[in-house]
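Structure, as structure tokens:
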Amino acid sequence: MLEDALFSVGVLIVVAKLAEGIFRRFRLNSIVAYMATGVLLGPVLGLVELNGYIQIFLALGIFLYFFIIGLDEIDVTGFMAALRGRFFAAALIAVTIPLMASLVVTMDLFHDFGLRLDFNGALALAGVLSLTSLGVLAKVLIDTDRLREPIGIELFTTALIAELLVLLMVGMTIGEHAHSLSWKGVLLLLGQIAGFIVVTWVMAGRVIPLLIVYLERLLRVPHLSFGLILGTLLVAVVCAEKLGLHGSLGALLLGVALSRLPHQVQRDIIPSMKSIADGFFVPLFFSSAGLHLDLSFTELPALTIAALAVIPLIGKFAGASLGAVVARLDAPFAIATGLMAKGVAEIAVLLVLLEHDVIGRAVFSLFVLMMLAYILFAPPVIGFAVSRAKSSGRFTPPPTLPPTLVRFALEDITVGDVIDRTRAYPGPGLSVREFADEWITSHQHDYVVAEGGALAGVVSLAMLRYLPKHSWFDTKLEKIARQTTPNTWPDEHVEDALQRMTENSLTIMPVLERESGEFTGAITSQEILELITAEARGGQ
């Protein structure tokens, strides 16, 4: 009955939020409070039972949760920039080894553990055990004030890549057609995912931002951007389901694509999204996990329980340690400990697996209890390991700072807070020979050319390859300066400026006064990195 469903939802929300307040007094994660609410109102008191109406709310909660993960935690720009770098190598090793170790148990390779899973189910469950929760890790790094330090940047970047790799893999295993996939079907599915990503990327990166700005100016409707994004989310979920992917993967990919929205648009939609998620859908979603919990896991063989708890744990730590050593990251022990952050995203994936009958209640209950243990005990262990880590002084930042890290570390910092207004710039009348002798440095590839408050353009060293050296004495910078370059303004958020620098393959961007267009200086990606790591250098 609809009335029963509304009563159950109302009771779950009220008790879950009250429990969250109580649990926070004891410094316990809100997810633990939500789970405890589900256990109390479901298996213990029997006041709430799941029905079809509640399942609709829960489905919306799943999609919104994964959308926010993609929007607020993951960015493809940083991921693609790291594909050939040591951070990708570290993440790949940190994922592959625990995945293989977990498959030994979930596929019953050397012993019959009694899980009775097909390959896709075993792979999805192994993925859960291999996943790193970036949100949990970010909170620990912020709480320990290490996010802006080299160890924090290395951990954050590696965890971001690892999380996206595993979430994409798990998303492929739980789609509508995943159970019947052949090698040909896998290639077809990969093609469908690629097509979905391309269309979503173009729509979210190019079409939707311009459409939102135009419609807001034309219609002046309150919260228009929020409504458009929410509607687009539901359409993306349906499109993903039609392709045979799970809707949560579609929501995740849409969130990733929309993470490239201008900061101002994000500020219009993210608070509203988070308010609805944190106040309604997420408490309901995770409390439903408590409704599914029971003691059936005790019927599993003791060896199976021990194997699921210990083997993936050892594999995860060993893989993360090896990845950090191979990639020559600072403090391998701290990196490996940090990548043990788990719990929140894993429970969400487990609910999806339970919904699709990939796993039964016994396995679900066991895994949820394991994830709760990670939520309770991993953060203090990670915080201790990271706080004791010593820098070797050989820190090399990722080639492109993940915009997600910038959002965490540089929230509300504008270009005007970064710009050095005393810096001098080469003038347009300077010859290329004089420019090369007086201005070129080893760590800078792009140079702003300006004189007397007027911007002449940007010169990139790559341009000089095509200019014969005998012409360097007679050619002025104004002749080779690229005039149609992106610029920024003092009141713009650093995140947006960094995003445009990355998209245009620039390391420097001119700053103009918004009203007069007068050149006032420039900012570089190196300056943004220095701002993030200022605390680390100050403490060394």
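The values are calculated or read from the model by the stated rules, or taken from the named source; none is laboratory data. For clarity, every value in this text was computed on a predicted model and none was experimentally measured. Here the Cβ is made from the backbone with ideal geometry for all residues, glycine too, and neighbour counts use every protein chain on show. The area values use the complete protein model at the heavy-atom level, side chains included, leaving out ligands, DNA and RNA. Shrake-Rupley method; radii C 1.70, N 1.55, O 1.52, S 1.80 Å.
Some points to look at:
- Within the same chain, lysines fewer than 8 places from K242 are excluded, and of the rest, those with a Cα less than 25 Å from its Cα are K184.
- Estimated distance in nm for a label pair at M463 and L109, the labels positioned 7 Å out from Cα along Cα-to-Cβ: 5.5 nm
- Surface composition of the chain: carbon plus sulfur atoms contribute 62% of the solvent-accessible area (1.4 Å probe, protein chains only, all chains present).
- With 0.36 nm allotted per residue and the present C-alpha distance subtracted, the L224-R27 stretch has 67.2 nm of extension available.
- Computed on protein heavy atoms with a 1.4 Å probe, the accessible areas place F26, F88, F286, F119 in the order F26, F119, F88, F286, largest first.
- Taking 0.36 nm per residue of separation and subtracting the current Cα-Cα distance, fully stretching the chain between L168 and N51 would add 39.2 nm.
- Label corresponding to Rg/Rh (Cα atoms, Kirkwood Rh) when calculated from the structure given, among (1) 1.01; (2) 1.18; (3) 1.56: (1)
- For the range 492-515, the residues whose backbone nitrogen is under 19 Å from a point 7 Å from the Cα of A454, taken along Cα to Cβ, are 510-515.
- When only Cα pairs below 8 angstrom with a gap of at least 6 residues are kept, the range 438-525 shows a relative contact order of 28 percent.
- Under 16 Å of direct C-alpha separation, and excluding same-chain neighbours fewer than eight residues apart, K316 reaches these lysines: K342.
- Angle between the chain longest axis and helix 302-326 axis [Cα atoms, degrees, rounded to 10]: 10 degrees
- Heavy-atom accessible area per residue - the chain, 1.4 Å, Å²: 44 Å²
- Exposure rank, largest accessible area first [E495, E49; 1.4 Å]: E49, E495
- Heavy-atom accessible surface of W489, to the nearest 10 Å², is about 70 Å², with a 1.4 Å probe and all protein chains retained.
- The HN-Hα couplings worked out from phi for the range 340-357 by the Karplus form 6.51 cos²θ - 1.76 cosθ + 1.60 (θ = phi - 60°) are 7, 4, 8, x, 6, 4, 5, 5, 4, 5, 4, 5, 5, 4, 5, 4, 8, 6 Hz, whole numbers, x standing for Gly and Pro.
- Difference of contour (0.36 nm per residue) and Cα-Cα distance, F384 to S442: 17.1 nm
- Here the Karplus curve 6.51 cos²θ - 1.76 cosθ + 1.60, taken at θ = phi - 60°, turns the phi angles of the range 428-433 into couplings of x, x, 6, 6, 4, 4 Hz, with x standing for Gly and Pro.
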